[in-house]
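For reference, the structure is listed below as structure tokens.
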Amino acid sequence: MIRTLYHGSPRIVRTPYFGGGNAGNDFGIGFYCTDSHDVAAEWASGRARDGFVNTYRLNDTGLRTLDLGSPQYCILHWLGMLLNYREFDTLTPRAYQARDYLRTAFAIDHQSYDCITGWRADNVHFAFAQSFINGEISYEQLRDAVRLSGLGRQIVIKSNRAFDRLLFNGYEVVRSRDVYPVRVTREHKVLDEIAASIRKSSGKGLYIDQMMEENVQDYDPRLI
């Protein structure tokens, strides 16, 4: 199937290449895209910085794609992946234990995949992920926070094979003055909705301390 993908950047990226990128990104080294033009435009620009939405076509026939949003996975598989690559503020020794527990209990062997799709750990997602690890919110609250964000998912090109299928298809200039106010308004709305959801379910649900004490694994029905 031919897919249209977008990559938001401060520059035009005509030839993405295997092995480029930042090892500290959500899913490690790779080329990070989205199937949403609007999301790519947000990635491209900042408060006072214009950017570019680069467009690509990807023939994904025969490629192995790990989809972290598929039914066999839960939010903690996504979080376990982040913990392999992103730096988290773990406030207590217990939070360090939580990090190691999640890395092990929700590990996925992802090295053989050509592409990975999953939620992007933007500032909103990342803050709630840290709060869960530090025992401040429940699993259910983390799950709802990610789902309420409405940002969709990112698609990461990981293998040489997949890069060979990715073809540059032009670019568009993105102006900060057009995109940044929309982004700020959306983020404030999302944060208000998430805060309301968390207040409603405060003190309820499955917290990381209980999960570690019970050694909850990824097949536990409470995680569905």
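The values are calculated or read from the model by the stated rules, or taken from the named source; none is laboratory data. Please read all numbers here as calculations on a predicted model, not as lab measurements. Positions of Cβ are generated from backbone atoms using ideal geometry, with glycine treated the same way; all protein chains shown enter the neighbour counts.
Going through (1) part of a helix (DSSP H, G or I); (2) exposed (fewer than 15 other Cβ atoms within 10 Å of the Cβ); (3) in contact (Cβ under 8 Å) with a residue 24 or more places away in the chain; (4) not hydrophobic (A, V, I, L, M, F, W, C) one by one, ASP100 falls short only on (3).
Within the range 1-35, being among the small types (Gly, Ala, Ser), more than 19 Å from ASP50 (Cβ to Cβ) and either surrounded by 15 or more Cβ atoms within 10 Å (Cβ to Cβ) or touching a strand residue (DSSP E or B) at 6+ places or on another chain (Cβ under 9 Å) (or both) holds for GLY20, GLY21, GLY28, GLY30. Within the range 117-127, is even one residue free of Cβ contacts under 8 Å to residues at least 40 places away in the same chain, part of a loop (DSSP other than H, G, I, E, B) and either in contact with a Ser or Thr (Cβ under 9 Å, 6 or more places away or on another chain) or aromatic (Phe, Trp, Tyr) (or both)? Yes, some residue in the range 117-127 is free of Cβ contacts under 8 Å to residues at least 40 places away in the same chain, part of a loop (DSSP other than H, G, I, E, B) and either in contact with a Ser or Thr (Cβ under 9 Å, 6 or more places away or on another chain) or aromatic (Phe, Trp, Tyr) (or both).
Looking across ARG120, ARG64, ARG153, one residue alone is within 19 Å of the chain's Cα centre (by Cα) and surrounded by fewer than 16 Cβ atoms within 10 Å (Cβ to Cβ). It is ARG64. The single condition among (1) without any contact (Cβ under 8 Å) to a residue 40 or more places away in the chain; (2) charged (D, E, K, R); (3) within 24 Å of HIS7 (Cα to Cα) that ARG161 does not satisfy is (1). Among the candidates ARG57, ARG94, the residue that is among the basic types (Lys, Arg), surrounded by fewer than 17 Cβ atoms within 10 Å (Cβ to Cβ) and modelled with pLDDT of 90 or more is uniquely ARG57. Looking at LEU82, is it touching a Ser or Thr at 6+ places or on another chain (Cβ under 8 Å), surrounded by 19 or more Cβ atoms within 10 Å (Cβ to Cβ) and under 30 Å from ILE12 (Cβ atoms)? Considered against the rule, which asks whether it is touching a Ser or Thr at 6+ places or on another chain (Cβ under 8 Å), surrounded by 19 or more Cβ atoms within 10 Å (Cβ to Cβ) and under 30 Å from ILE12 (Cβ atoms), LEU82 comes out as no. Given the structure, is GLU136 over 17 Å from the mean Cα position of the chain (by Cα), modelled with pLDDT of 80 or more, farther than 24 Å from GLY46 by Cβ and part of a helix (DSSP H, G or I)? No: the conditions fail for GLU136.
Among residues of the range 20-38 that are over 16 Å from PHE163 (Cα atoms), those with a beta-carbon under 7 Å from a residue that is at pLDDT below 90 and among the basic types (Lys, Arg) at least six positions away or on a different chain give the pairs GLY24/ARG86; ASP26/ARG86; ASP26/ARG120.
Tell me, yes or no, whether the range 79-87 has at least one residue that is part of a loop (DSSP other than H, G, I, E, B), in contact (Cβ under 8 Å) with a residue 24 or more places away in the chain and under 29 Å from GLU193 (Cβ atoms). Yes, the range 79-87 contains a residue that is part of a loop (DSSP other than H, G, I, E, B), in contact (Cβ under 8 Å) with a residue 24 or more places away in the chain and under 29 Å from GLU193 (Cβ atoms).
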